[in-house]
Amino acid sequence: MEYDEEYSGMERGMNASSILKNKVFLYLTEFFAGMSVMAVELGASRLLAPYFSSSQIVWTIIIGTIMIAMALGNIYGGRSADKNPNPDKLYVRILIAAVWIAAIPVVGKYIVLGISALLIFAVNTNFLIWAAFAACMVIFVFPLFLLGTVTPSLAKYSVDSLDDSGRIVGTLGAFNTIGSIIGTFVPTFISIPAVGTSVTFLIFAGILLILSLLYFVSVKRGLRKCAATAVLFVLCCIFGTSNSFAFWESDLTYEGESVYNYLQVKENDRSVILSTNVLFGVQSILMKGEELTGMYYDYAMAAPLMTGQENPADCNTLILGMGTGTYANQCRRYYGNMAVEGVEIDEKITDLARAYFELPEDVKVTTYDGRAYLNAIDGKYDVIMVDAYQDITIPFQMSSTEFFTLVRDHLTEDGVMVVNMNMRGSGEDSINAYLADTISSVFGEVYTVDVKGSTNRELFASNNPQMLENLHLHREKITDEGLYAMMGAVSDNLTVYEAGERIMTDDKAPVELLGMRVIDELIQGEVAVYKNLYDEKGIKGVLDSLL
């Protein structure tokens, strides 16, 4: 009698529909659930990247919270299946997960900004960790908790006896794993680059919805729930693809995604700007009036003047982290037809450079990782610019002694490396101090200069002790007034770097944790005035100051 009561719910579900009898549909459910979990995980990284970066820290938070959700789902799913083994319960959970995932493109970005706005007044340290963790918990834990109930529930429905339990559970695991593998590759290489993150969420939500609809139509129950869910899904499809990540922007020239980045191009009367994976910021810029940018690119123009070349136009220049070619264009504009080539890992950025930023076709750009490129070539360069650091996203393999030794080996005898370090901190343990110490262990001459009005710092390194004398000598030959003044500002503010012993290697380069400290410092400096307003006048005072 107890056996009958325990299994009556499952028997009603199984007997009511032939769709479950041969277990193929159950295996397909497992397959698509595994695929959807991985697709949502990858979509989570792309949803968060424009606001929190795409660093290893953010990835760790995403993976950690998803593992929490899946573990809790496994526990609940197993207990629920033992208590009430009715397949209707499982497919209702999948329906709910489908609608929740479909709603992420509609409300996800607002939740991220809302959580950030609240935490920025409450958190003094590790803001990025807490904000990203809270956003992941609110947006992604619940639907993935529901999908985590699939495997134990299906094991309950599939196993008929102990004789075949191992085979059935193994087959379910195989379908889940294969689905997860496909769910890893499809978003990264197909759906996100082709149709974007929002549509990717909708595609996999639609797959889960179809699974549940097939089940409920087959058992002829729950049709009203299915109809309501379908309506909500259609609404999400309508509204989930109508807004951009940067919904506060109304006049973007281009917005899209690549395998590596969220990308936006914005244009005004003076300039064209590229931003990647950041809430605010400029990664590349084209000045329409062909004047200097007022940014770190101008300071880096000193590098060709520091080399042993009598004419800067004769310099052979390599840019690691080409972006849309701001530095390449400026070198050619002010120094003549300089030989410039670049390495850029994101081919889509190179396409944007040709389309919107006037990068000449004869400027060679190789789609490759910067360090891997140096390993693959034997050429020597007079100037190598390292511009591959983006907020907290600093490739550790391009911050170590091994990397900078590789750069040194590809420089001519009097060649100069210039590095853009874009998170200037005030502490001795800042990321820039570690980078500068590491570089100083490889190069004999290291100078730094802070970029006025920004958090950037330019570092010039060489084994040529005459690099400053070369700069002074070549500066006197400059005829352009703007560039002459800029080189004067660089020359006057260059300081010899006093090296410490904070050396980073391929084995140990904690660049993201170091960068996070600087971000905390920058955030606290920016919001200090609003915190004081909040303490004195409450939220109304803050809102009044913003309006």
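The values are calculated or read from the model by the stated rules, or taken from the named source; none is laboratory data. It should be emphasised that the depicted structure is a prediction, and the values quoted were computed from it without experimental measurement. Glycine gets a Cβ as well: all are built from the backbone with ideal geometry, and neighbour counts include every protein chain shown.
Please find, within region 119-155, the residue that is farthest from Leu28 (Cα to Cα) out of those that are more than 17 Å from the chain's Cα centre (by Cα) and among the small types (Gly, Ala, Ser). Applying the filter and picking the extreme gives Ala122. Counting just the residues of region 489-534 that are modelled with pLDDT of 70 or more and exposed (fewer than 11 other Cβ atoms within 10 Å of the Cβ), which one comes out farthest from Val451 (Cα to Cα)? The selected residue is Asp507.
Just one residue in the set Ala97, Ala102 is in contact with a Cys (Cβ under 6 Å, 6 or more places away or on another chain), touching a residue at least 60 places away in the same chain (Cβ under 8 Å) and farther than 30 Å from Gln390 by Cβ; that residue is Ala102.
Does Val265 satisfy the criteria of being under 29 Å from Leu144 (Cα atoms), surrounded by fewer than 21 Cβ atoms within 10 Å (Cβ to Cβ) and modelled with pLDDT of 90 or more?
On the way: under 29 Å from Leu144 (Cα atoms): no; surrounded by fewer than 21 Cβ atoms within 10 Å (Cβ to Cβ): yes; modelled with pLDDT of 90 or more: yes.
So Val265 fails the test.
Against the list (1) within 28 Å of Leu292 (Cα to Cα); (2) within 27 Å of the chain's Cα centre (by Cα), the condition Ala489 fails is (2).
Looking at this structure, is Val418 farther than 27 Å from Leu128 by Cβ, crowded, with 23+ Cβ neighbours inside 10 Å and either acidic (Asp, Glu) or over 24 Å from the mean Cα position of the chain (by Cα) (or both)?
Numbers: farther than 27 Å from Leu128 by Cβ: yes; crowded, with 23+ Cβ neighbours inside 10 Å: yes; either acidic (Asp, Glu) or over 24 Å from the mean Cα position of the chain (by Cα) (or both): yes.
So Val418 passes the test.
Of the residues Thr317, Thr307, which single one is more than 32 Å from the chain's Cα centre (by Cα), polar (S, T, N, Q) and either modelled with pLDDT of 95 or more or not assigned by TED's automatic domain parsing to the domain that holds Val416 (or both)? Explain how you work it out, then say what you get.
Details: Thr317 fails: more than 32 Å from the chain's Cα centre (by Cα).
Result: Thr307 is the single residue among Thr317, Thr307 that is more than 32 Å from the chain's Cα centre (by Cα), polar (S, T, N, Q) and either modelled with pLDDT of 95 or more or not assigned by TED's automatic domain parsing to the domain that holds Val416 (or both).
Would it be correct to say that Leu513 is farther than 18 Å from Phe404 by Cα and either basic (Lys, Arg) or more than 27 Å from the chain's Cα centre (by Cα) (or both)?
Numbers: farther than 18 Å from Phe404 by Cα: yes; either basic (Lys, Arg) or more than 27 Å from the chain's Cα centre (by Cα) (or both): no.
No.
Being free of Cβ contacts under 8 Å to residues at least 40 places away in the same chain, among the hydrophobic types (A, V, I, L, M, F, W, C), under 19 Å from Asp298 (Cα atoms) and assigned by TED's automatic domain parsing to the domain that holds Ala388 is not true of Ala461. Confirm whether Phe216 is touching a residue at least 12 places away in the same chain (Cβ under 8 Å), among the aromatic types (Phe, Trp, Tyr), in the same structural domain as Ser80 (by TED's automatic domain parsing) and within 25 Å of Ser258 (Cα to Cα). When the stated conditions are applied, Phe216 does not pass them. For region 160-186, the tally of residues that are buried (at least 17 other Cβ atoms within 10 Å of the Cβ) and either modelled with pLDDT under 85 or in contact with a Pro (Cβ under 9 Å, 6 or more places away or on another chain) (or both) stands at 1.
Restricting attention to region 187-201, and to residues there that are buried (at least 23 other Cβ atoms within 10 Å of the Cβ) and of a type outside the set (S, T, N, Q), which single residue is nearest to Leu42 (Cα to Cα)? Step through it out loud before you land on a result.
Taking region 187-201 and keeping what is buried (at least 23 other Cβ atoms within 10 Å of the Cβ), we get 187, 192, 197-198, 200-201.
Next cut, of a type outside the set (S, T, N, Q) only: 187, 192, 201.
On the way: Pro187: 7, Ile192: 9, Phe201: 10 Å.
Among residues in region 187-201 that are buried (at least 23 other Cβ atoms within 10 Å of the Cβ) and of a type outside the set (S, T, N, Q), the one nearest to Leu42 (Cα to Cα) is Pro187.
Okay, residues lined up against (1) surrounded by fewer than 21 Cβ atoms within 10 Å (Cβ to Cβ); (2) of a type in the set (Gly, Ala, Ser):
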position: Ser284; (1), (2): no, yes
position: Leu292; (1), (2): yes, no
position: Met301; (1), (2): no, no
position: Cys315; (1), (2): no, no
position: Gly323; (1), (2): no, yes
position: Cys331; (1), (2): no, no
position: Tyr334; (1), (2): no, no
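State which residue is farthest from the chain's Cα centre (by Cα) when the search covers only region 341-370 and only residues that are of a type outside the set (A, V, I, L, M, F, W, C) and buried (at least 20 other Cβ atoms within 10 Å of the Cβ). Here the answer is Gly342.
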